[in-house]
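The values are calculated or read from the model by the stated rules, or taken from the named source; none is laboratory data. None of these values were measured; they are calculated from a predicted model. So basically every Cβ, Gly included, is an ideal-geometry build from the backbone, and we count neighbours across all protein chains shown. Areas reflect the complete protein model, heavy atoms only, side chains present, ligands, DNA and RNA absent. Shrake-Rupley method; radii C 1.70, N 1.55, O 1.52, S 1.80 Å.
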Amino acid sequence: MPTPKRLAGTFSVADFQLVLLRRMADHNPDLVDDARHGLGVSLAQMREANKRWQAMIHSPHARGALSRYRSVLGEPESRTARRVGDVDCESWQWPIPLWPDLRFEVLLAPDNSVWNDWLVRAPQRPAPAPRTLDDLAPWSCTVDEVARAFAPARPLEGTAPTRWGLAFTAPDALGTPREAVAEFTWGLLQRTTVRDGNGPGPAPHERAQYDLYEQQQQHERLYGIHGQYGNS
């Protein structure tokens, strides 16, 4: 059986991009197909990359998350001190060629454990400023950008480890406030659904996510500290 070192040694940034795309294909297969074709990669190659990544994660001798990212992505482009609530942490960021305006960020706790790992807007790159639900196109925004645009946004538990959700109120094209749920994969927006009964509603699991928040006001998720965006 290949060791984690051998698996990681043959795993590149190009392979990691396919891992990101594999999970996004659940929501946006057409976008993923376009990206995959642009990379000159077959569906089988994307699936194989994801299979190898999962083997690295679940190996009995798997290395820690930070070591795994460094072995695949190399040294980070930037390392920045950050304060989240009352806790000092550090943001490590790597460029991802498929999304030149984004960076893959790992947020580290004081003990170097990984708190969060997702795509964020690259420094010095213009961030979108969505004003209505129509502005929330798939892959257009990160979690933080949607949360800040429609504060206060409430985090929802994702349906997989690489998924996040936000519940918020935003105007539609006519300016009418609507309750909505946005879903993200690896930190990048995948789809937005309206929950208030005046338009297409969310799938059952999305409604359950929203209702769970209403029952658990102290929900912690995104940074392991705060349960609500936009009031800090």
> If we scan segment 97-106, do we find a residue that is in contact with a Cys (Cβ under 6 Å, 6 or more places away or on another chain) and open to solvent by 30 Å² or more (accessible area, probe 1.4 Å)?
Replying inline: no
> Are any residues in segment 31-49 surrounded by fewer than 18 Cβ atoms within 10 Å (Cβ to Cβ) and assigned to a helix (DSSP H, G or I), and if so, which ones?
Replying inline: Leu31, Asp33, Asp34, His37, Gly38, Leu39, Leu43, Ala44, Gln45, Arg47, Glu48
> Going through segment 143-194 one residue at a time, which ones are within 15 Å of the chain's Cα centre (by Cα) and either free of Cβ contacts under 8 Å to residues at least 24 places away in the same chain or on the phi > 0 side of the Ramachandran plot (or both)?
Replying inline: Pro161, Trp186, Gly187
> Residues of segment 164-192 being at pLDDT 95 or above and within 22 Å of Gln17 (Cα to Cα), which ones?
Replying inline: Gly165, Glu183, Phe184, Thr185, Trp186, Gly187, Leu188, Leu189, Gln190, Arg191
> What tally of residues in segment 90-106 results from selecting those that are acidic (Asp, Glu), under 15 Å from the mean Cα position of the chain (by Cα) and assigned to a strand (DSSP E or B)?
Replying inline: 1
> Name the residues in segment 50-75 that are in contact (Cβ under 8 Å) with a residue 40 or more places away in the chain, more than 18 Å from Leu107 (Cβ to Cβ), assigned to a helix (DSSP H, G or I) and not hydroxyl-bearing (Ser, Thr, Tyr), would you?
Replying inline: Arg52, Trp53, Ala55, Met56
